[in-house]
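Worksheet: one structure, shown below.
The values are calculated or read from the model by the stated rules, or taken from the named source; none is laboratory data. Given the structure is predicted, the values throughout are model-derived calculations rather than measurements. All Cβ positions, glycine included, derive from the backbone under ideal geometry; neighbour counts span all protein chains shown. Heads up: the accessible areas ignore ligands, DNA and RNA and are worked out on the full protein's heavy atoms, side chains in. Shrake-Rupley method; radii C 1.70, N 1.55, O 1.52, S 1.80 Å.
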Amino acid sequence: MAKSRILSGIQPTNILHIGNYVGALQQWVTLQQTHDAFFCIVDLHAITVKQDPKQLHDNIRQLAAMYIAAGIDPKQSTIFVQSRVSAHAELGWVLNTLAKVSDLERMTQFKDKSAQHHENINVGLFDYPVLMAADILLYQPEIVPVGDDQSQHVELTRTLAQRFNKQFGDVFHVPKLQLRKEGARIMALDDPTKKMSKSAGSNANYIALTDSADVIRKKIRRAVTDSGSQVVFDPKRAGLYNLLTLYRIFSGMTEAAIEKKFAGAKYGDFKADLAEVIITALSPLQERYAALIKDEKHIEAILDDGAKRAQAVAEVTLKKVYDAVGLG
Ligand code: AMP
Ligand code: TRP
């Protein structure tokens, strides 16, 4: 039987942080073993906020290297760049004719990003979720593994697929959202009421996957907690809870084992240990990344191959769409 398919993507903007790793990449690595996996580098999404062209170009290769360093196997999974498969923009256009302005006005990411980039609220930023729906629907995936902040966009994707099928006949498989049970929303270190974000103003917000051991120690030491003293899992103590969640994920230990280990310990002791756990977990990834990023030809070959594989699947769906709509 054919494996069921998954598709996901990340924007090639800035460097990835442990929220992206936990919420997205780590679950991709697990899922690729049992699914036919497509992982996209969504560069057309990236340009909805101002990018330096040279930097963007470099970021695309860096993100591909990070996918592989994190454990995505390019032989098993398809890694590709969105703009190199033209069907994404083409299907995006068709879906634009089904998406309502009122659907897009509800999107919280649009509201957040418009506040953040108030000098550049462009139509692409508004339309961003429709292009994301095209990214997904072209590959007819069963599930879309993302972090919690993308739930609303996946829901819109489902709505657009159903709307299309109702109007033009069954073309799209309606995909499901896949979130991790824990770690679907890692919070900012400097403000545990907000999600960890690479576009945050301060780099105290996140731990980048490429941060050195010393930087990681410093950022964890300074992470906002509370005035309590006991190291226990309590969702109401948001800062500590976030750090404990990171401890759980990066150490693989259970809640009970962690609470036992730190019974009677101070926050400072726990934080020092957490930093070491993260450093140890990231170090193989960092070594692989450092080696990969030097080999530009190798990365380009993987992306060329990925584009061909993605194109072959995407064009079949696009043809069905065009035929159904009367454009074929
Ligand atoms: P982005 O950085 O917005 O391109 O996000 C890439 C992927 O990482 C998406 O699947 C997001 O849902 C996920 N992600 C981003 N920030 C976080 C976070 N703070 N916690 C968990 N997942 C996240
Ligand atoms: N919108 C996603 C984000 O900001 C990135 C993305 C674009 C995506 N296309 C996708 C994620 C398709 C999953 C599937 O993180």
(request) Could you check the simple spin-label distance between Arg163 and Lys176, using points 7 Å along Cα→Cβ, in nm with one decimal? (result) 2.4
(request) Evaluate E = 1/(1 + (r/R0)^6) for Ala257 and His117, where r is the Cβ-Cβ distance and R0 equals 56 Å; express this FRET efficiency to the nearest 0.05. (result) 0.80
(message) Could you sort Ser8, Ser86 by their accessible area in this structure, using a 1.4 Å probe and putting the largest first?
(response) Ser86, Ser8
(message) Between helix 267-293 and the chain, what is the angle of the helix's C-alpha long axis to the longest principal axis, kept within 0 to 90° and rounded to the nearest 10?
(response) 40
(request) Net charge near Asn203: determine it from the other residues with C-beta under 15 Å of the C-beta of Asn203, scoring Lys and Arg +1 and Asp and Glu -1. (result) +3
(request) Could you state, as a whole-number percent, how many of the C-alpha pairs of the chain are farther apart than 37 Å? (result) 19
(request) Just order 90-102, 122-134 by mean Cβ neighbour count inside 10 Å, highest at the front, would you? (result) 122-134, 90-102
(request) Consider a paramagnetic label point 7 Å from the Cα of Ser202 along Cα→Cβ; state which residues of region 222-253 have an amide N under 20 Å from it. (result) 222-228, 237-244
(request) Under 1.5 on a/c is rounded, so check that first for region 68-168, then, if it is not, pick prolate when a/b is larger than b/c and oblate when it is not; a ≥ b ≥ c are the square roots of the alpha carbon gyration tensor eigenvalues. (result) oblate
(message) With a 1.4 Å probe and all protein chains left in place, how much accessible area per residue does the chain have, in Å²?
(response) 47
(request) Determine the sum of side-chain charges near Arg309: Lys and Arg each +1, Asp and Glu each -1, restricted to other residues whose C-beta is under 13 angstrom from that of Arg309. (result) 0
(request) First measure r as the distance between the Cβ atoms of Glu142 and Asp58, then evaluate 1/(1 + (r/R0)^6) with R0 = 30 Å and state the FRET efficiency to the nearest 0.05. (result) 0.35
(request) Return one number: the angle in degrees, 0 to 90 and rounded to the nearest 10, between the long axis of the Cα atoms of helix 213-222 and the longest principal axis of the Cα atoms of the chain. (result) 80
(message) Along the Cα→Cβ direction, 7 angstrom out, place labels at Gln51 and Phe233. What is the inter-label distance in nm?
(response) 3.8
(request) Could you tell me what percent of the accessible area of region 203-290 is made up of carbon and sulfur, with a 1.4 Å probe and every protein chain present? (result) 51
(request) Please work out how much accessible surface Thr78 shows to a 1.4 Å probe, ignoring ligands, DNA and RNA, in Å² rounded to 10. (result) 10
(request) List the residues of region 49-86 whose backbone N lies under 16 Å from a point placed 7 Å from the Cα of Ala291 along the Cα-to-Cβ direction. (result) 65-75
(request) Please tell me which of these pairs span more than 26 angstrom C-alpha to C-alpha: Lys198/Lys260; Lys111/Lys195; Lys181/Lys261; Lys181/Lys218; Lys113/Lys294; Lys54/Lys297? (result) Lys198/Lys260; Lys181/Lys218; Lys113/Lys294
(message) Taking the 0 to 90 degree range and rounding to the nearest ten, how far is the long axis of helix 296-325 tilted relative to the main principal axis of the chain, both from C-alpha atoms?
(response) 50
(request) State whether region 1-104 is rounded, prolate or oblate according to the following rule on the C-alpha gyration tensor (a ≥ b ≥ c being the square roots of its eigenvalues): a/c under 1.5 gives rounded; otherwise a/b larger than b/c gives prolate, and the remaining case gives oblate. (result) oblate
